[in-house]
Every structure is written in C-alpha cells, then in structure tokens.
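Heads up, the thing below is written out as structure tokens.
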Number of protein chains: 2
Amino acid sequence: MGPGPSDVYPQVLAAQARPTVGHLDPLFIGMMDELKKLLQYAFQTENPMTIAVSAPGSAGMETCFVNLVEPGEKVIVCRNGVFGERMRQNVERCGGVAVCVDNAWGEPVSPEQLELVLQQHPDARFVAFVHAETSTGALSDAKTLCALARQHDCISIVDAVTSLGGVELRVDEWGIDAIYSGSQKCLSCVPGLSPVSFSERAVAKIKQRKSPVQSWFLDQSLVMGYWSGQGKRSYHHTAPVNSLYALHEALRLLAAEGLEQAWQRHRAMHQLLADGLTKLGLRFVVAQPYRLPQLNHVYIPQGVDDAALRSTLLEHYNLELGAGLGEMAGKTWRIGLMGYGARRENIALCLQALSLHLS
Amino acid sequence: MGPGPSDVYPQVLAAQARPTVGHLDPLFIGMMDELKKLLQYAFQTENPMTIAVSAPGSAGMETCFVNLVEPGEKVIVCRNGVFGERMRQNVERCGGVAVCVDNAWGEPVSPEQLELVLQQHPDARFVAFVHAETSTGALSDAKTLCALARQHDCISIVDAVTSLGGVELRVDEWGIDAIYSGSQKCLSCVPGLSPVSFSERAVAKIKQRKSPVQSWFLDQSLVMGYWSGQGKRSYHHTAPVNSLYALHEALRLLAAEGLEQAWQRHRAMHQLLADGLTKLGLRFVVAQPYRLPQLNHVYIPQGVDDAALRSTLLEHYNLELGAGLGEMAGKTWRIGLMGYGARRENIALCLQALSLHLS
C-alpha cells in the first residue's frame with residue numbers, strides 16, 4: 001500500500017512469465033494491436049498515436065516534452081508537488097522556457113492562477129500539469145485546465161501516472177493533447193512501461209518541428225513505424241516483450257471490470273480507509289474535495305517514529321506504507337489504494353496493524 | 001534462433017514472475033547490490049558506475065552518448081552495419097560532430113582506417129564502434145580499437161549489445177571507457193534492460209560537463225543517486241522491479257556457468273551449426289576469422305522464397321530465423337545462437353528442418 005509500484009495482479013505476473021517471442025512475430029504483433037485498443041479504452045480516446053513507451057513513467061514524461069517542445073518555446077508548468085517540478089526540468093533540458101504556476105503541496109492546481117499567467121504570457125505554446133500528484137495526494141481539475149489551455153491556443157501536456165484507471169479521465173472529451181502514465185500504479189501492472197497518447201493537434205505540432213527530436217530512443221516519428229500497424233512494421237528498438245504481455249493482461253482486466261466500475265471501486269475503498277484512519281485520529285493533508293482515492297496522504301501522529309513503524313509494518317505484516325517526500329519527509333505517510341491493491345483485505349490489515357502500533 | 005530477443009531461460013521467466021516489491025524495499029536494494037556485482041563480473045570490470053538502464057539497448061546507447069558528448073565535440077564513429085549508423089544519429093542528436101570510418105557490411109572495423117582518421121582529426125574526443133554487429137554477424141577487435149582510442153587521447157564508446165556473455169569481452173583489461181549492452185541477447189534475459197558501465201576516465205569527463213545532460217531520464221548523475229548503494233538511496237524513477245529480478249537471475253546463471261565457459265560454449269555450438277550449414281551448401285557472409293558465434297549470417301540459396309520458408313519454420317517447427325536487414329533483406333538469414341538458445345537441440349532442429357525444406 002505504498003505510492004507504487006502497486007500490488008500486481010497474479011494474472012499479470014503469470015502473463016509476463018509466458019515464453020518470450022520475437023518482437024516481429026505475427027502473434028506478438030496481433031497482441032500489440034489489441035494492446036493499442038485497450039490503451040485507447042483506458043485513456044478514453046480514439047487517438048491513433050496511443051502506445052506504451054518502452055520505459056518507466058519518467059521516460060513517458062520526457063517523450064511528451066522532447067517530441068513537442070522546441071528550443072525557445074514557452075511552456076506554462078503548474079507545480080504543486082514533485083512531478084510538476086520534474087516537468088519544469090524537462091522543459092529546460094529540451095531548450096524550452098518554463099513559466100511556473102505554483103500552488104502549495106497538497107493543493108490542486110488553481111485554474112484562476114493558470115488563467116492569469118496565460119493572460120500574462122500570450123506567447124505560451126503549452127500548458128503542463130499533473131492530474132494526480134503522487135507526492136501529495138491532490139487531484140487537479142484536468143477538464144477545466146485543458147479547456148483553459150485550448151482557449152489560449154496552448155497544447156496541454158498531462159501527467160496521468162497515478163490517475164489512469166483510478167479516477168475519471170477522458171482524454172478526448174476533455175481535449176487533452178498529450179498524456180503519459182505508468183504501468184505500475186492503478187493498472188497494477190509491473191513497473192517499466194509508460195502509456196502515452198497524442199491528439200491530432202499534438203501530432204500536427206510534432207510534424208511541424210523545425211529541429212529533430214533530441215532523443216533517438218523517444219522520437220515518436222520513428223517509434224510509430226513499429227506501432228503503426230499499417231502494412232509492414234519497421235524495427236526501431238527491441239520491444240520489452242514480456243512487460244508488454246503484462247500490460248496487455250492488466251488492461252484486459254481493467255476492461256473486464258469496466259473503467260467506470262474501477263473508478264467507483266477506488267472511491268468506495270478510499271471511503272472505507274478514510275473512515276478507519278479518521279477513527280484512529282489521523283488527519284488528511286489534502287482537503288476533502290481534492291483527495292485522491294488511490295493515494296491517501298495523512299499526517300503521522302505526534303510521538304510516532306516514522307521509520308520504525310514503517311519497518312515494523314513491512315517486516316511483521318508484509319505491508320508497505322509510503323514515506324512523505326521533500327518537506328513532508330518524516331511528517332506524513334502516503335497510503336496507496338491502487339488497482340489490485342484497492343481491496344477490503346488490504347484496508348482491514350492496514351487499519352488493524354496501525355491500531356495495534358499507534359496506541 | 002533469431003537475432004534476439006533470444007530464448008529466455010525458464011528460471012529467468014520464473015524469477016521475473018515473483019511478486020513485485022517496492023523499489024526502495026530493503027530486500028530489493030540488497031538484490032540490486034548483488035546485481036551490480038554480477039554485472040561487473042559479466043563486463044570484467046571494477047567500474048563503480050556499472051548499472052542497468054531501465055530501458056532497452058537503444059536507450060543504453062543513448063545513455064552513453066548524451067552523458068559523454070557535449071555540443072560541438074567530435075566523435076569518430078565506425079560504421080559497418082545498422083548500429084554504427086545509429087551511433088552516428090545519436091552523436092548528431094546531442095549536438096556532436098560525427099566523423100565516420102566506413103567498412104562494408106559483413107566486415108569488421110578496420111584498425112588501420114581508424115588510425116588514419118584519428119591522425120586526420122587530432123581534435124576528436126571519442127571513438128565509437130560496435131563490438132559485435134547484430135545486423136551483419138561481424139566481430140571487431142575491441143581490444144585494438146580501444147588501445148588506438150587511448151593512444152589518441154579519445155574516450156571509447158563500445159556497443160556490446162550482442163557480444164556480452166557470448167564472446168570474449170574484458171572492459172578493464174582492454175581499457176573500454178563506456179559500454180552498453182542488452183538483456184535480450186547472450187544473457188537470455190527478457191528484453192527491456194540495458195547494462196552499461198563507465199570507466200573512471202568516462203566519469204571524469206561527465207563530471208566536467210559544461211552543459212546539462214539533455215535527457216533527464218538518462219542523466220547518470222541523477223540515476224547514480226539510486227544505484228550508488230552508499231547510504232540512503234534517493235528516488236529517481238520507479239525501477240522496473242520484475243525485469244531486474246529477471247536480469248539478476250540471468251546473470252546468476254552466467255556466473256554459475258562461468259564466463260569463459262559460456263564463451264567456449266558459444267564457440268562450440270557455432271562450430272556445430274556452421275559445419276551443418278556448410279554441408280547443406282549454405283555460405284557465410286562474414287569471413288571465418290571475424291564470424292560471431294552467436295549470430296550466423298548466411299546467404300539464402302538461389303530459388304528459395306525467404307519469407308515463405310521462414311513462415312514455415314515458425315509455424316511448423318516453432319523455429320525463428322532472422323531476416324537480412326537493409327541491403328541484405330531477402331538475400332540472407334541471421335541465425336542466432338545466443339545464451340540459452342546456444343544448445344545442441346536447437347541446432348539439430350534447425351539443421352533438420354532446413355535440410356527438409358531446402359531440398
């Protein structure tokens with residue numbers, strides 16, 4: 001019950017252990033076509049450029065920035081936790097100009113502040129923000145933020161690492177232009193892959209580039225030669241075959257449950273955990289309307305030794321809680337309820353173990 | 001028996017399917033320390049900066065170039081196949097100046113030509129070449145090429161994707177400065193990870209950089225905060241936990257067999273296959289002294305339908321042969337004998353199936 005990697009579905013671990021076939025094998029290519037459709041369902045998009053980057057979520061983030069942002073272009077970066085700051089670093093490393101909209105850790109991104117900054121920077125080309133901040137447990141209003149981006153003729157870049165599969169997310173309906181996620185949060189797949197999707201507008205922007213993408217490995221114009229599914233697939237890099245088996249199975253399980261049902265389960269399990277934590281006297285860092293069901297960020301009660309208690313839980317209960325990050329280190333815990341981890345048996349174990357060791 | 005991904009050891013598939021633990025879990029960190037030692041053994045190096053990049057071999061290549069090469073710096077790139085050309089593209093994407101030494105496909109890199117070019121370009125900072133060209137089956141003399149690089153005060157960057165574990169490779173003894181490999185060739189691990197190692201000289205060059213590394217994800221100064229093993233590990237990105245289980249097991253199997261014994265087994269199995277192929281009238285593309293035991297590149301006999309025969313072998317014998325690449329497409333096959341794939345039973349199946357369908 002940490003902030004991810006989450007508990008992986010047993011079926012996903014089993015799928016991953018199937019014999020490795022060639023990345024150009026017809027059977028594998030058939031699976032890749034299914035995988036793409038399943039990713040489109042999870043993202044609620046019909047974007048043809050919807051794939052899994054062959055590396056973790058941080059590489060998915062970099063994929064979005066290096067393909068879209070050209071040197072000198074201005075990007076409004078909303079920062080309300082660790083990952084917004086990482087976005088800023090990505091912008092600078094590809095030669096972009098980052099303008100930051102800052103909100104306190106634990107708060108959502110403020111649409112009012114974003115709008116003000118957009119008015120002050122009419123030359124901005126992009127708006128980047130984190131939908132679900134794993135470092136703080138705050139959910140931002142992606143629909144409103146993306147609408148603002150469109151109004152100001154900006155392309156939106158959305159971090160959905162922790163949101164995909166856990167809370168409502170509708171790429172096409174909300175007008176999200178570029179989005180990346182991770183396999184190891186609410187999809188409960190093994191870590192190491194990053195689903196991404198680019199809208200028609202985003203693809204048009206990539207096609208208009210004046211300079212080559214600085215990364216060969218992440219250059220989507222090359223990667224799409226392998227993923228396109230039209231005619232012959234051209235070799236780009238060796239696909240992580242077994243991890244893709246796992247992602248296929250995790251997405252199949254999500255589709256079998258139903259996306260809205262999965263969102264609802266995360267909400268219901270969160271309510272159960274939140275009620276129990278509140279009874280134990282724990283307070284949440286994030287105000288109620290912005291709380292992520294899948295990442296419960298709570299203050300450690302006074303007098304409790306953070307590291308010692310987390311060690312006890314891990315050693316004696318096989319239970320992981322996440323530590324606070326940055327300024328929150330030693331002051332908070334982050335309790336994950338992600339994908340396969342969002343189950344009553346985990347909540348019961350967590351509440352019982354905490355009640356025994358907090359008293 | 002394609003050019004990779006190779007057949008994965010059953011034990012490696014089983015290791016990979018173990019339950020996912022957190023990437024900061026003490027058990028996992030203990031495994032990472034072992035993994036590092038096993039990688040050092042496989043590379044025959046004591047370089048402290050020896051890790052596995054969380055992405056395929058192409059990302060390992062990019063890791064070497066983006067960390068080492070700064071804009072304007074000159075890199076001598078030896079091209080004798082697909083991957084030398086990819087190196088050139090990497091140099092240009094990080095703003096370096098590539099000077100190419102070209103040899104025909106199927107030939108090794110010529111030390112004489114390299115020396116001439118080094119004399120013509122005294123301002124060169126790097127020499128980059130592919131040890132074992134997967135696209136052609138040619139082995140280059142890494143020891144001599146790296147010695148030449150040192151004589152001309154250049155840092156060597158070596159592609160060992162297909163050589164690691166399959167042919168003699170001694171990073172420290174040969175003075176290799178930066179090297180990358182892949183998990184899915186002679187290590188017979190699942191695809192998706194890239195072992196890399198940097199010498200003291202390479203690390204010193206990285207530390208003297210004037211400009212930041214253009215990739216956040218591949219920036220080794222950040223990644224080493226997680227892999228260093230000294231004191232507290234700092235979070236960089238979520239490690240691909242299950243793939244690392246697999247790599248640990250594959251390297252453990254290599255160490256159990258013994259590195260020199262593994263090289264010897266690849267040579268012996270190659271001899272067996274080569275004798276059989278020759279009896280069937282097949283000719284090798286690469287001259288005998290430069291042939292890779294793990295990648296047997298042969299001409300398709302006249303009158304044989306390349307695609308149809310490879311389909312038959314795949315469908316009826318569960319046997320993959322690799323197609324020729326580039327100019328060789330339709331003219332050659334690449335028959336892999338890598339890691340767990342380099343076994344008598346595979347060779348018997350391959351020779352028997354070919355003898356039935358070539359006649």
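The values are calculated or read from the model by the stated rules, or taken from the named source; none is laboratory data. Keep in mind it's a predicted model, so treat the numbers as computed, not measured. As a convention, Cβ positions derive from the backbone with ideal geometry for all residues, glycine included, and neighbour counts pool all protein chains shown.
Mind listing whichever residues of region B:59-82 are without any contact (Cβ under 8 Å) to a residue 40 or more places away in the chain and not charged (D, E, K, R)? Answer for region B:59-82, where residues must be without any contact (Cβ under 8 Å) to a residue 40 or more places away in the chain and not charged (D, E, K, R): just B:Gly72.
Restricting B:Val241, B:Val223 to residues that are at pLDDT 95 or above and either within 27 Å of A:Gly60 (Cα to Cα) or in contact with a strand residue (DSSP E or B) (Cβ under 7 Å, 6 or more places away or on another chain) (or both) narrows the list to B:Val241.
Looking only at region B:198-210, decide whether some residue is of a type in the set (A, V, I, L, M), closer than 26 Å to A:Val8 by Cα, at pLDDT 95 or above and surrounded by 24 or more Cβ atoms within 10 Å (Cβ to Cβ). Scanning region B:198-210, I find no residue that is of a type in the set (A, V, I, L, M), closer than 26 Å to A:Val8 by Cα, at pLDDT 95 or above and surrounded by 24 or more Cβ atoms within 10 Å (Cβ to Cβ), so the answer is no.
The criterion of at least 2 residues that are under 17 Å from the mean Cα position of the chain (by Cα) is met, among strands (runs of 3 or more DSSP E) falling completely within region B:39-105, by B:49-53, B:74-79.
Every condition in (1) in contact with a Phe, Trp or Tyr (Cβ under 9 Å, 6 or more places away or on another chain); (2) assigned to a helix (DSSP H, G or I); (3) over 19 Å from A:Asp7 (Cα atoms) holds for A:Gly276 except the one numbered (1).
Within the span defined as region A:23-39, every residue fails to be of a type outside the set (Ser, Thr, Tyr), within 14 Å of chain B (Cβ to nearest Cβ) and within 27 Å of B:Tyr235 (Cα to Cα). Here region B:326-352 is the region considered, the condition is being crowded, with 18+ Cβ neighbours inside 10 Å and among the aliphatic types (A, V, I, L, M), and the residue that is farthest from the chain's Cα centre (by Cα) is B:Ile347. For the criterion of being assigned by TED's automatic domain parsing to the domain that holds A:Ala132, farther than 24 Å from A:Arg170 by Cβ and crowded, with 24+ Cβ neighbours inside 10 Å, A:Ala98 fails.
Test A:Asn47 against the criterion of being touching a Ser or Thr at 6+ places or on another chain (Cβ under 8 Å), in contact (Cβ under 8 Å) with a residue 60 or more places away in the chain, over 30 Å from A:Leu325 (Cβ atoms) and away from chain B (no Cβ under 13 Å), and give yes or no. Yes. Can you name every residue in region B:165-183 that is more than 19 Å from B:Val69 (Cα to Cα) and either not in a helix (DSSP H, G or I) or not assigned by TED's automatic domain parsing to the domain that holds B:Ala204 (or both)? Those that are more than 19 Å from B:Val69 (Cα to Cα) and either not in a helix (DSSP H, G or I) or not assigned by TED's automatic domain parsing to the domain that holds B:Ala204 (or both): B:Gly165, B:Gly166, B:Val167, B:Glu168, B:Leu169, B:Arg170, B:Gly182, B:Ser183.
Among the residues of region A:7-22, those identified as under 26 Å from A:Leu314 (Cα atoms) and more than 8 Å from every other protein chain (Cβ to nearest Cβ) are A:Tyr9, A:Pro10, A:Gln11, A:Val12. Looking at A:Val69, A:Val53, just one residue is touching a Phe, Trp or Tyr at 6+ places or on another chain (Cβ under 9 Å), β-branched (Val, Ile, Thr) and within 11 Å of chain B (Cβ to nearest Cβ), and that residue is A:Val53.
One line per residue, one yes/no per condition, for (1) assigned to a loop (DSSP other than H, G, I, E, B); (2) of a type in the set (S, T, N, Q); (3) exposed (fewer than 15 other Cβ atoms within 10 Å of the Cβ); (4) under 24 Å from the mean Cα position of the chain (by Cα):
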position: A:Ser188; (1), (2), (3), (4): yes, yes, no, yes
position: A:Gly192; (1), (2), (3), (4): yes, no, no, yes
position: A:Pro212; (1), (2), (3), (4): yes, no, yes, no
position: A:Met224; (1), (2), (3), (4): no, no, no, yes
position: A:Ala239; (1), (2), (3), (4): yes, no, no, yes
